[in-house]
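Reading through the structure tokens given below for one structure.
Readers should treat all values here as calculations from the given coordinates under stated rules, not as data from a laboratory. Bear in mind the structure is a predicted one, so any value in this text is a computation, not a measurement. Neighbour counts are summed over all protein chains in view; Cβ atoms, including those assigned to glycine, are modelled from backbone coordinates with ideal geometry.
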Amino acid sequence: MITVEDIMTRHPKTLPTDANLADARRLMTEFEIRHIPVLNSASKVVGLVTLRDVLAASSSVLDDSEDQRVAHDSHIVLSEMMTTTLDLVAPGAALRDTALLMRNHRHGCLPVIEEEQLVGIITDTDFLEVSIHLLEQLESGEQLSEQDIEEDSDIDAQGGF
């Protein structure tokens, strides 16, 4: 059985509850990520900040100057804007069940927890990578089948079978 642990991102980027919107924006930009687990002082996941949360809490680039946006973003603490009702998953959870949970609840990611500690994150991008890999294998297998058929046709033309 393929599990969450097989495809999850280990050691995800995190922020503390007292970090602010500017910190989240900076981390997302620097590491090209869309989800940041938020940890309390005991390193337990207490929330999640997504790119959608960041965009919703941001001031408009049309209304404010860069300095005004930075000042605005610095005053919004993550604990005020993060999602706190979270579905969590264990590393040993079945991948199919996890995919169904994410699809049915429209989650872009799930924090992966073991013994109350964050050990990873599984995202929709992780599932896309698996899908791409499986499609490549499927296409490769189909090409082999087509090649086998062509070889069989050559044998038939040469008087075999």
Point to revise | Cβ-derived FRET efficiency at R0 22 Å, E139 paired with R103, nearest 0.05 | key: 0.35
Study note, to complete from the structure: Listing H72, H133, H35 by rising number of other beta-carbon atoms within 10 angstrom, fewest first, gives H133, H72, H35
Review point. Where Lys and Arg each count +1 and Asp and Glu each count -1, what net charge lies around A90 among other residues with Cβ under 9 Å from its Cβ?
Key: -2
Revision key, fill the gap. In whole Hz, the Karplus estimates of ³J(HN,Hα) for segment 111-121 (6.51, -1.76, 1.60; θ = phi - 60°; x where Gly or Pro) are x, 9, 10, 9, 6, 6, 10, 6, 10, x, 9
